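What follows is a single structure, written as structure tokens, with notes after it.
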Amino acid sequence: MGELTRRGAISALALPLAAGTAASAQAATQNETPKPAFSFLLVNDIYRMNAEDGRGGYGRLAAVVKAERARGVPMLFCHAGDAFSPSLYSGFDHGAHVVTLTNMVAPDAFVPGNHEFDFGPKVYFQRLAEAHFPVFGANMRDAAGRPLPGHHDRKIFDLGGFRVGLVGVTLAEIPMQSNAGDLTFAPVMETLAAQTALLRKEGAEFIVALTHTDRETDFKIIRSGLVDLLLTGHIHDLFVYWDERTAAVESSHDGNYVTAIDIYARRAPGRGGASRDDKPTVQWSPGFRVHDTLLVNPDPAMQARIDAFENDLSKALDVALATLGAELDTRAAAVRYREASGGDVIADAIRAMSGADVAIINGGSIRGNRIYPAGSTLTRRDVLTELPFGNKTVVVKASGKTLLAALENGFSRLDARAGRFPQVSGVRVAADLARPVGQRVTEASVAGKPLDPAAVYAVAINDYMLRGGDGYGMFAAATGGAGNGADAGNRLLANDVMGWLREKGSVAPRIDGRIRIDQQAAEKSAR
């Protein structure tokens, strides 16, 4: 079987897909339903507490976990990361409520994602101190190269009489994507090779990698043959793969779909010789079951806890700021790909509130992923849903050369819909994606005048970009961090946006051509 995405996976995987091991074939001939030896349940990338349009949220996830545990099949419930942030409530409690909810569903293994570090390593370790679930991170070390307290590299579980080895790894790029401080992240493949060798030496018969990794890395893991099963997160796809040797799964996002993987296994006798190669081997095949949580009733105890959190939030957040005279678009497909009205509003707000000449905001920091229709009233809740990371507004003094490098970086990975795509204010820019990376900007102007490489501009960005996030290291390199005339301030970016909206009272966002992309090249890149 090849890759299945959202469009085809649900109907195709409504029933177990138990490919022919000798055990399942024998059971089939006896008209018996084959029984799995053990199973796994995977969730990943949960950014909201509650359901949306009837799907997802911790209440429905808890119901799925409870039902899977009640089957009586030995099971590991695994979480592939991105939980502490960027939920709406995380802007207030830095993910403490997420730990409460995750403790209630009690995963058997959790691997951190990049968003676990959005509030810095100190907060990360505070959350871990509250966690009652095991955390795996074999490629995570402190600045001195030592294992992190409270983390496992690997572990062997006895499941249904089989020795199942599990290793956890996360993105090596986390220092660029989040705020991990001086924590270090070793290369994924190098770490997996070392850890799986140790698991085999320790007697593991079946090996699972629990990862928070991009799809390119996922396929490197699959092709390597290092593991039998890959449980991954980060891309947000419903992804199911089986090539007769390695199985791999990602469970969409937000608990919308939760994937169970049954393992039909038996031991095949060795050849009877004296060598190590003659010991029994495990023959196995996977069965995939996708839980569509639209069809699941939420667990009452979990839902009651969610409702209490939501009630606390409502008191602080349901305060009106401004009305919309036109549609506002913050969809990921817009803010990571082209000029978006939601990006224009946020960039205009931070430029106005900071007094900067130019504002650039990375599209990946805008997270609401929705369209607000004309006539809507924007509230504090809306702004914090869009900007949940707690970033601060930073004004840097940057040369035109640095500003141009930042724009080039923003257009460098449009084919991947990367979070670095720039939403801007005060600058008008044109890009041709048929040109090489680093040479794509064909026009740029500030205040109606061509961008001057030697001029110095006041540029409003967020502190994540100043730290080099999403490839924007040119600002830190040019300014020496928050020094050299930079105003790091202590203003939350979300507060700047809320203050601007409150002052305006009403806004009518419209696309004004501040970002122009060669559409033919863009469409070719998207394909």
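The values are calculated or read from the model by the stated rules, or taken from the named source; none is laboratory data. Since we're looking at a predicted model, the values are computed, not measured. Cβ coordinates were reconstructed from backbone atoms using ideal geometry, including for glycine residues, and neighbour counts include every protein chain displayed.
Of all residues in segment 421-437, those being outside any strand (DSSP E or B) and surrounded by fewer than 22 Cβ atoms within 10 Å (Cβ to Cβ) number 7. Return yes when R146 is surrounded by 17 or more Cβ atoms within 10 Å (Cβ to Cβ) and either within 22 Å of the chain's Cα centre (by Cα) or of a type outside the set (A, V, I, L, M) (or both) and no when it is not. No; evaluated as a whole, the condition is false for this residue.
Looking only at residues of segment 90-100 that are surrounded by fewer than 22 Cβ atoms within 10 Å (Cβ to Cβ) and modelled with pLDDT of 95 or more, we find that the one that is nearest to K155 (Cα to Cα) is V99. Of all residues in segment 143-172, those that are among the acidic types (D, E) have Cβ atoms under 8 Å from Cβ atoms of residues that are buried (at least 17 other Cβ atoms within 10 Å of the Cβ), 6 or more apart or on another chain, in D153/F136; D153/G137; D153/A138; D153/V167; D153/G168; D153/Q195; D158/V164. Within segment 363-402, the set of residues being part of a loop (DSSP other than H, G, I, E, B), within 28 Å of A83 (Cβ to Cβ) and of a type in the set (S, T, N, Q) comprises N369, N391. When the residues of segment 118-140 are filtered to those that are surrounded by fewer than 17 Cβ atoms within 10 Å (Cβ to Cβ) and among the charged types (D, E, K, R), the one that is nearest to M465 (Cα to Cα) is K122.
Taken residue by residue, segment 212-225 has at least one member that is modelled with pLDDT of 95 or more and part of a strand (DSSP E or B).
Residue-by-condition table, conditions (1) of a type in the set (D, E, K, R); (2) under 18 Å from R163 (Cα atoms); (3) surrounded by 16 or more Cβ atoms within 10 Å (Cβ to Cβ):
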position	(1), (2), (3)
A197	no, yes, no
T217	no, no, yes
L226	no, yes, yes
L231	no, yes, yes
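Of all residues in segment 78-101, those being touching a Phe, Trp or Tyr at 6+ places or on another chain (Cβ under 8 Å) and of a type in the set (F, W, Y) number 2. If you go through segment 149-177 and keep only what is under 19 Å from the mean Cα position of the chain (by Cα) and more than 15 Å from G81 (Cα to Cα), you end up with P175, M176. Pairing residues of segment 351-380 that are surrounded by fewer than 23 Cβ atoms within 10 Å (Cβ to Cβ) and among the hydrophobic types (A, V, I, L, M, F, W, C) with residues that are at pLDDT below 95 and assigned to a helix (DSSP H, G or I), at Cβ distances under 7 Å and at least 6 apart in sequence or on separate chains, gives M353/D496; M353/G499. Looking across segment 214-235, the residues that are out of contact with any strand residue (DSSP E or B) (no Cβ under 6 Å at 6 or more places or on another chain) and of a type outside the set (A, V, I, L, M) come down to D214, R215, E216, T217, F219, K220, R223, S224, G225.
Going by what's in this entry, would D344 be described as at pLDDT 95 or above, buried (at least 20 other Cβ atoms within 10 Å of the Cβ) and assigned to a helix (DSSP H, G or I)? For D344, the condition - at pLDDT 95 or above, buried (at least 20 other Cβ atoms within 10 Å of the Cβ) and assigned to a helix (DSSP H, G or I) - is met. Of all residues in segment 396-406, those that are of a type outside the set (G, A, S) and buried (at least 23 other Cβ atoms within 10 Å of the Cβ) total 2. Checked against (1) more than 26 Å from Y47 (Cβ to Cβ); (2) in a loop (DSSP other than H, G, I, E, B), A405 passes all but a single condition, namely (2). Given the condition more than 21 Å from P36 (Cβ to Cβ), aliphatic (A, V, I, L, M), in a loop (DSSP other than H, G, I, E, B) and in the same structural domain as F157 (by TED's automatic domain parsing), answer yes or no: does some residue in segment 192-201 qualify? The answer is no; no qualifying residue exists. Does V424 satisfy being of a type in the set (A, V, I, L, M, F, W, C) and touching a Phe, Trp or Tyr at 6+ places or on another chain (Cβ under 6 Å)? No: the conditions fail for V424. Scanning segment 315-345 for residues that are without any contact (Cβ under 8 Å) to a residue 40 or more places away in the chain and not hydrophobic (A, V, I, L, M, F, W, C) gives a single hit, K315.
Scan segment 348-362 for residues that are more than 12 Å from G410 (Cβ to Cβ) and either of a type outside the set (A, V, I, L, M, F, W, C) or not in a strand (DSSP E or B) (or both) and the total you get is 10.
Take the residues in segment 330-341 that are in contact with a helix residue (DSSP H, G or I) (Cβ under 7 Å, 6 or more places away or on another chain) and not aliphatic (A, V, I, L, M); name whichever of them is surrounded by the fewest Cβ atoms within 10 Å (Cβ to Cβ). Among those residues, the one meeting the criterion is Y337.
Residues in segment 409-419 that are buried (at least 24 other Cβ atoms within 10 Å of the Cβ) and either at pLDDT below 95 or within 18 Å of the chain's Cα centre (by Cα) (or both): none. Among residues of segment 234-261 that are among the basic types (K, R), those with a beta-carbon under 9 Å from a residue that is surrounded by fewer than 24 Cβ atoms within 10 Å (Cβ to Cβ) and outside any loop (DSSP other than H, G, I, E, B) at least six positions away or on a different chain give the pairs R245/I222.
Let's see how each residue does on (1) over 18 Å from the mean Cα position of the chain (by Cα); (2) assigned to a helix (DSSP H, G or I); (3) surrounded by fewer than 22 Cβ atoms within 10 Å (Cβ to Cβ):
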| site | (1), (2), (3) |
| --- | --- |
| R48 | no, no, yes |
| A62 | yes, yes, no |
| K66 | yes, yes, yes |
| D82 | no, no, no |
| S85 | no, no, no |
| L88 | no, no, no |
| N103 | yes, yes, yes |
| H115 | no, yes, no |
